[in-house]
Amino acid sequence: MYRSVVAHSLSCCRDPKKAAVVQEKKEETVKMCEDKTVAAEQPAAEAPTVDAHNTLPIGDMSPMSTDSGHESAASTPEAPLTPHEERSATPSENATEELISYSNDAVYRIRIMAPNAEPFDLQVNSGEMVQELHQVLLERDSTCHRTCFSLQLDGVPLDHFTELKNIEGMKDGAVLKVAEGQTRRCLRSPSAKRTHFCVGHAATASVIGGGWWSTIALRLRSDGTDRVGFAATAAAAVATAIAVMYVSKRRPDRILPIPSTIYELSVEVLASKCRHCAIEVDLLERMADAQVGDVCSGGCVWRVVARAEPAVLFFNGRSFAEPYTIRETRIHLRHVRDLIRALDPADAVNGVEGASMSFVNTIMANNDRKRPNALERSIDCTPPDYVLPGNKDRPLTHLQPQNKDMANVQCVKSIALSGYNPPPGNRKMRGDVMYLVVYTLENRRYHITCCTKGFFVNQSTGDEFNPKPVNQKAIYHSLIELLSHISPGFKRNLAIVQKKRAQKHIFERLPTPYQVHSWMVSTLEHNLDGIRAEDGTQPHRIGLEDHIPGQIRDWNEELQTTHELPRKTLPDRLIRERAIFKIHSDFVAAAIKGAMSVVDGNVMAINPADDPRTHMYIWNNIFFSLGFDVKDHYKALGGDAAAFVATANDLQGVRAYAALDHEKLYTLGMVLVDYRGYRVTAQSIIPGILEREQEQSVVYGSVDFGKTVVSSEKYHELLEKPAQQLKIYPHLVKSGKDDGKDVKLYSSFETKGIVGNDSRHYVLDLLRTFPPDVNYLADAEVTEICRANGFPRKFPHKLACLRQELIDAFVDARYMTFVRIAAYHLQQLRTAQLEEKKEEQEKATPIAASPSERLSADSGVGSPSAITEESTQCEHDGDRIVKEIKNKMTANCGRDASPEGDAEALPEPETAKRIVEESISPKKATEDASAGVEAETAAPGATEAATKQIIRKAAQAVGSLSDTEFDIRFNPDCYCDTVVHSDADELTRQRKLVAEAAQFLLVHQIPQFVRDCLEHSLTPVDGFGLSEAMHARGINMRYLGKIVECLSDIAQLEYFKTVCMCELACRSAKHVLRGYLQGVGQASLGTALAHFLNCLTGSFASPQPSVSAEDMASVKRTKGSKKRKGQSSTLAHDSLDWAQLTPKLLWQQVAAEMDAYYGYSIDSEHCDAFAERYNVQKISILRRFCLITGIQIVLKDYNLDNKTRASLGEEDIQNMFPIVKHVNPKAQDAQNFLHTGQAKIQQGQLRAGFDLIAEALNLMNNVYGAMHAEIAQCMRLLARLAYILGDPAEALAQQHKATLMSERCCGIDHPQTIVEYMNLAHFSFANLQISTSLKLLYRARYLLLLCHGENHPLMAQIDSNIGVVLYAVQEYDFALKFLNQALKLHILYTGANSLKTALIYHLMARAHSCRGDFRTALQNEKETFTIYCKTFGEDHEKTKESGECLRHLTQQAVTFQKRMNEASRNQGSISQLLPLQIQQPSLQSVLEVLNILNGIIFIQLGGGKDSKLDEMPDSNGGVKITELSDTAEEAEATTPVEQQPAEVALD
């Protein structure tokens, strides 16, 4: 199933009403772009402008891909901008014009008429291609079984890749007809308008249609008499036909003269009726002149004969159905297979063809649409036992709930290719193309022939070949039609499948751009499938044979050609980005398939005689190599460990250079695949690289690890700007040749520049793009602070590099320090000048006040001590903890000489910027005059000299490599021993700067990372979120042990330490497993993996693998034998080292790896001890370990605490899937619109932000197609904005799509999917789907329990939501259980006096009062009152509301006690004990609380859509719960956005 993602992108939503709304919004956007003004209350859109330093993304907008790589390089104030930043940093009229031109595509309605189907109308955009209309027909029930067809407009077939706006006659109301078979592209009806042009000696020809490589119908007229009709092919070198087709395709109105030689077309007929042309022909006599002949597939021989006299050709159009070919038949067969398997989950379970699992529709299957004010107890809201607070069971079978309504329905038992294929010659001559064998549900076997006209049943049997048709007239154009005729069961079940298929959301059927696998899958019945068998048993297949038979894609040419596409205008950039993304996703898919074939031994090496570890492979025009130290190239750097990490560093470099998007600099397509313990690197092939030696190819860099270095002026020109953007310092090294010349490098010496045969300049081997991490170089010079913390540490390899994010953060921090130091010295200079002026004025005239004092007051800056006093504030708890961490790091060392050490004496950043701006601004003289200072205070020369001196001091203080400006760049080769540097003093400065960057990571980034966790701006759920957060802050995973040490004494981050320890254990175990897997053969793979998992996560002390004695003996016999030369069937040899593993031995190896890689020591001897000590769930370890190693296990409940037997068997290992890392192309313009929309939202302009984000979604659809993780995030933002703007129905629709897409593109248990479930539950409740809301919340809680457990801040939010909804449906007992758990977590993570804690106390008070437990209700409400008094004071509105609630509860308690006394005296009934008034919650009040818990303030704009909840009655006399904030300042704010401006309803 090879489908274009682009074709899916615009065909997923064809609702005319929605399309009209989209068009209306586009028109409004265009109008506002023309006005160039944006108001908060009006829809607006402006050119995407993003300030990389001042605008912060709202919410977690990091891409959810399979790799955790860099973002685009952010520029510093002094560094040049990247091309993307140049387009987005400043608004321009061109950007506005591009947006207007892009939004001006017409939207109109067309009608499509298909045979044997009702005509239907379709809303289309003029920018769509005809191919996308084909996709619509393939998805529509009435036409989905057709594949060999074309669309015609007025009889003219439409080209697949033509945009609708470029088709003549395409307009509103146009009618397109579906023609069975692909008709001749050049044909039109005889009534069509003809175009005349000159042919030779005053002769003319009439053109009706035409196109390159098409078949045309001609009628030759000579001397006024019809002679012959025939078909000719444009592929022949006939000058007249080529001229005719060229003119008709390109310029139908142009008069084109051709050479005077005139050609007459004649034919020699082999049959009275040509099967290919399907027309009658007349016999012609042969002409004896020079002839050029060819044979058509139908048997007609046509010849071109030169004649001296003129001839007139008339093109009379007639449609001829394109016959079925083997290619068309195979495509049709696969499409039929996809249709009848539409409900089969096998592809999603196995992770093939872009299919993946989704269960949100299964959970929402039974939506409850009750009356608006209905809160009946009949709604089933009982939570399952496994999600109740305190339950320790973690069942796994609920991870993939089954929808019985969508169970697979079998239409046919088997469709396969017949053994009688291929057709014999005599049958080919009669039109037979292929033979099929079909087993129907009626247990009958049919042999079917596919001929050029269609399908029919032949008379063959299993023993005898008889190709004659059973019924001469029964030929069906579609296989579906034939099967429906011969099998009643097929016809009946196909209707069921089509009906259920139509009920599935379109996002459930579309393929994802990158394959997503699940770590746990259900076991499916393995049915008979001939097509699957053919594909799976032919390793040479690349997946494109049916579409481009006999051709192999040139990946490098495709990748580089798309890189060269125009990029000046927005439409050009969209086309370019779409092509880049599509080709890249195809390349990744091909690389994965090839890498798996390489590891499985199905690809022959190009150097089979060498050691298997050094093998290289070429498959599908992709070069594959293994991550081993080939020929001891990395021996001095760490051997295989260095070779393994070198590929990852190389990918980081490719990502960095690709993000710069240099027009003349090219990088290779690169994919890393980890599969079965091997790392396979897949790269595109540079033209000519395999035809010459490497030394001859490289014109820049070194091929012998720095011993000799060459350079090129052309590469200097190409690399100069990228070096500035990537903070790479140009440095001089010795060439290593006899001349002893110095060579200037703008990159590492490892970077190689190669000019390919295509004349393109490539850079590769980018593993040293970023500077080394000296903390992990044993002999490196580090700062005193790093040395006090145990650095430098011994590491398994010497290729540890700093991340690009850290380099950017360090340069930004140094630049700010540079500005602050310069401002301080400027302030001192100005103060000295004022003092001199003051002394002069005192001598002349006494004054009452000091000008320096007035200037100090005006500027807000005084002496360093005064600055320090002004900046001193009450330390927050997070600040105190971070300060303690920094003090602990610097406790054993003196004051460091870095500029950060004196930061407290410097002006604040904003103040420093203002001082510097005033010093260089022309308005300075005016401001000085207003402060009593004349403009002629100092001579210009003196001021310029002083400024230069100040810049020099500031530059020296921050370690700038230049004394005249801020210049922080790094030499990536400063610690390479194999290359000789020219300047030793300069090398010392460069090494010092690298050491300071490593200290910055340790002293600043890690404490700041802990602060973010304390402030809950970062709450990772599992190792994936942890690694993404660390990488975003420039922290390498090897510092994870250091982070755990910082968390040791912080009780608020106990959950975070749990996540870190789980990740440490899983990553260390992955290193151990990699070594074992490389020695495991295919036959022992399942057993070895099961045994390893038992030792890692089980409680059984001595698990025994199921290895027979015969296998052990066989391995011993073959252990010493050598393979024959050239034999390379598989990489792995059958080693049984894994069989000797025990839990104790494995955990010893895990502890050793943890200490070596991460610098953290544990003493746990088995999983039970580790889990108990660090509060880690075994199931969380199992899940995370399977995800990072690619192990797929069977879906069932595993008893990991069983101490008497092993938990997993070899039958429980289902498969292994690859772990993939690659560059992730971005829709940059869409990202700019998204960030601009977020900025508008932060300013309170919600409608303007909504329109900009909607436009960003439209652009993402154009680039990514319909399925992508970034599209899911964009939909989530739109959903929350729609909810804020008063449209809960639209919010629910958008959030449902976002949740479904998150499951498909990220994973069913991904942390982002958990958040999507929570948002979907919130919006479901707002749309009165109460039980659905609870089911979604239960699902979110269950997923979080599997990923982490109950001890997590996100669990507090989930439990709060569950408790509130259960309180709304009057399930008070269950509600209190969840609210109690939420209260414990809130007290732990937000504090006992936080407003969220107060809100939970209040909710528990309400629940207890509804149960009649007024004593407990009073106790809880008193806690709320106390917190409000401490936070707001006694006179605040919220404090008074809580006081009123206390009085009300007290009154109820007194009344209840009186009734109890009366009942006790009078022995009354229980009904007399009930209070008179128990306030029942209203949905409106409950929704207000949910808004508060989820950080949203619900506002209704005038003229907006009314919410269903507006019709609901308010609570009767109850205490209204108003919105709360986390701080008193936020509570007093009145801005109409969310309570946390940093998030603004966008997560």
Förster radius 25 Å - calculated FRET efficiency between N887 and D1012 (Cβ-Cβ, nearest 0.05): 0.85
Apply the Karplus parameterisation 6.51 cos²θ - 1.76 cosθ + 1.60, with θ equal to phi minus 60°, to every residue of segment 584-600 and state each ³J(HN,Hα) to the nearest whole Hz, in sequence, with x for glycine and proline. 5, 5, 5, 5, 5, 4, 5, 5, 5, 4, x, 5, 5, 5, 5, 5, 6
Extent along principal axes [Cα atoms of segment 1284-1396; Å; largest to smallest]: 37, 30, 25
For segment 1156-1230, with all protein chains present and a 1.4 Å probe, just round the carbon and sulfur fraction of the accessible area to a whole percent. 42
Taking the Cα atoms of segment 712-752, report the difference between the largest and smallest coordinate on each principal axis, in whole Å and largest first. 34, 18, 15
Mind ordering 1044-1052, 122-130 by average Cβ neighbours within 10 Å, highest first? 122-130, 1044-1052
Ignoring ligands, DNA and RNA, what percent of the 1.4 Å accessible area of segment 398-499 is carbon and sulfur? 51
Could you check how much of the accessible area of segment 624-726 is carbon and sulfur, as a whole percent, using a 1.4 Å probe? 47
Could the peptides 781-792, 1272-1283 be put in order, highest first, of the mean number of other beta-carbon atoms found within 10 Å of their residues? 1272-1283, 781-792
Going down the list K635/K707; K428/K473; K1057/K1396; K707/K741; K721/K913, which pairs span over 21 Å between their C-alpha atoms? K1057/K1396; K721/K913
Spatial extent of segment 1175-1327: Rg and Dmax, with the Cα atoms as the point set, Å: 20.0, 64
Set K1384/K1440; K948/K992; K1042/K1196, cut-off 31 Å on Cα-Cα distance; pairs above it are K1042/K1196
For segment 716-846, dividing by residue count, accessible area per residue (probe 1.4 Å) in Å² works out to 40
Karplus (6.51, -1.76, 1.60) ³J(HN,Hα), θ = phi - 60°, over segment 392-403, in Hz, Gly and Pro reported as x: 8, 6, 10, x, 9, 5, 7, 5, 10, x, 9, 9
Please sort by residue number the GluC sites (Glu not before Pro) in segment 1156-1217 whose DSSP state is loop and whose Cβ has at most 11 other Cβ atoms within 10 Å. none
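The values are calculated or read from the model by the stated rules, or taken from the named source; none is laboratory data. These numbers come from a predicted model, not from an experiment. Every residue, glycine as well, gets a Cβ built from its backbone with ideal geometry; the counts of neighbours run over all protein chains shown. Note: accessible area is taken over every heavy atom of the protein model, side chains too, but ligands, DNA and RNA are not part of it. Shrake-Rupley method; radii C 1.70, N 1.55, O 1.52, S 1.80 Å.
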